[in-house]
1. Would you point out the residue of the range 50-93, among those that are polar (S, T, N, Q) and in contact with an Asp or Glu (Cβ under 8 Å, 6 or more places away or on another chain), that is nearest to residue 182 (Cα to Cα)?
2. So is residue 127 in a loop (DSSP other than H, G, I, E, B) and over 27 Å from residue 66 (Cα atoms) or not?
3. Every residue in the range 171-191 that is within 24 Å of residue 13 (Cβ to Cβ), of a type in the set (A, V, I, L, M, F, W, C) and buried (at least 19 other Cβ atoms within 10 Å of the Cβ), please.
4. Looking at the range 10-109, what strands (runs of 3 or more DSSP E) fall wholly within it and have at least 3 residues that are open to solvent by 20 Å² or more (accessible area, probe 1.4 Å) and closer than 27 Å to residue 168 by Cα?
5. What residue, among those in the range 136-175 that are part of a loop (DSSP other than H, G, I, E, B) and not polar (S, T, N, Q), is modelled with the lowest pLDDT?
6. Is it true that residue 47 is of a type in the set (Phe, Trp, Tyr) and more than 24 Å from residue 181 (Cβ to Cβ)?
Amino acid sequence: MKSNAYPVLTVKDIVIFPHVVVPLFVGRDRSVKALEAAMKKDKKIIFLTQKDLNDEDPRFKDLYQVGVIGNILQMLSLPDGTVKILVDGIERVRVVDHIEKNGYFLAECEPLKADPVDEVAAEAYCRAVLEQFESYAKLNKRISLDTFSAIKNMQTQDDLIDVIAAHLTLKVQDKQGLLEETDIIKRLEKLLKFIEAEIDVIHVEKKIRNRVKKQMEKSQKDYYLNEQIKAIQKELGDVDFAPDEIQEFEE
């Protein structure tokens with residue numbers, strides 16, 4: 001294999017993006033061996049997401065062929081045999097060849113180059129994306145003002161897309177699609193739609209929570225009043241009321 005070959009760490013339920021620091025727990029034997037090989041060399045490793053999330057032992061053909069090279073910032077072996085790592089994504093890459101070596105995958109890769117772009121259109125999309133993401137950040141309390149400020153200052157359009165995508169709650173297939181796309185305008189269009197969809201979901205969730213809260217408050221109030229009526233009726237004992245008087249009293 002050539003010098004641009006790195007050990008492969010298979011991940012599921014997540015897509016790693018460049019310029020994002022992510023903690024991961026690694027337990028599969030092949031992945032642990034890939035980590036150990038990377039630590040012995042230059043601490044660089046390729047993150048490839050598996051296609052089937054339920055596959056506990058995916059082969060190389062079961063992995064997406066576009067991923068990210070990352071740096072291993074920290075590595076800690078835990079008592080249960082798993083390994084906790086902190087990784088920093090560097091750049092998007094496409095796998096061009098691979099072998100299995102010493103129980104782990106070793107893949108040769110090349111940078112994923114962006115297609116030529118209409119800068120005016122791209123700038124207009126970037127402004128729209130940032131405006132919508134600011135609205136999303138205000139609704140989503142997990143995104144801090146510092147994070148949003150850092151995103152606004154990203155150096156390139158691709159970097160902006162990658163970091164925003166990493167902060168959205170999307171399906172693995174949708175994130176992988178954003179990772180693989182080389183047309184910046186298409187990446188921005190997809191990202192804008194995803195942000196708008198996430199904002200709509202948050203608004204619907206808020207309406208549902210408010211409706212449920214009101215229903216709970218009404219139920220609690222009704223229960224409290226009914227308990228009061230029962231207590232008063234118990235205190236009154238054998239006093240008889242006509243049906244109309246009972247209804248008036250309850251009201």
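The values are calculated or read from the model by the stated rules, or taken from the named source; none is laboratory data. Quantities reported herein were computed from a predicted structural model and do not represent experimental measurements. Note that we place each Cβ from the backbone using ideal geometry, even for glycine, and neighbour counts take in every protein chain shown. Surface accessibility is based on the protein's heavy atoms, side chains included, excluding ligands, DNA and RNA. Shrake-Rupley method; radii C 1.70, N 1.55, O 1.52, S 1.80 Å.
1. Step one: list which residues in the range 50-93 are polar (S, T, N, Q), which gives 50, 54, 65, 71, 74, 77, 82.
Narrowing further to those that are in contact with an Asp or Glu (Cβ under 8 Å, 6 or more places away or on another chain): 50, 71.
On the way: 50: 20, 71: 23 Å.
Filtering the range 50-93 for residues that are polar (S, T, N, Q) and in contact with an Asp or Glu (Cβ under 8 Å, 6 or more places away or on another chain), the one nearest to residue 182 (Cα to Cα) comes out as 50.
2. On the way: in a loop (DSSP other than H, G, I, E, B): no; over 27 Å from residue 66 (Cα atoms): yes.
In short, no.
3. Taking the range 171-191 as the starting set, the residues that turn out to be within 24 Å of residue 13 (Cβ to Cβ) are 171-181, 187, 190-191.
Filter once more, so that each one left must be of a type in the set (A, V, I, L, M, F, W, C): 172, 178-179, 191.
Answer for the range 171-191, where residues must be within 24 Å of residue 13 (Cβ to Cβ), of a type in the set (A, V, I, L, M, F, W, C) and buried (at least 19 other Cβ atoms within 10 Å of the Cβ): 178, 179, 191.
4. Details: elements: 21-26, 44-49, 66-77, 83-101.
Correct list: 21-26, 66-77, 83-101.
5. First pass over the range 136-175, keeping only residues part of a loop (DSSP other than H, G, I, E, B): 140-144, 153-156, 167-171.
After this cut, where a residue has to be not polar (S, T, N, Q) as well, the list is 141-143, 154, 167-168, 170-171.
Values: 141: 79, 142: 82, 143: 84, 154: 87, 167: 92, 168: 92, 170: 92, 171: 93.
Per the stated criteria, the residue is 141.
6. Numbers: of a type in the set (Phe, Trp, Tyr): yes; more than 24 Å from residue 181 (Cβ to Cβ): no.
Spelling it out, it is not the case that residue 47 is of a type in the set (Phe, Trp, Tyr) and more than 24 Å from residue 181 (Cβ to Cβ).
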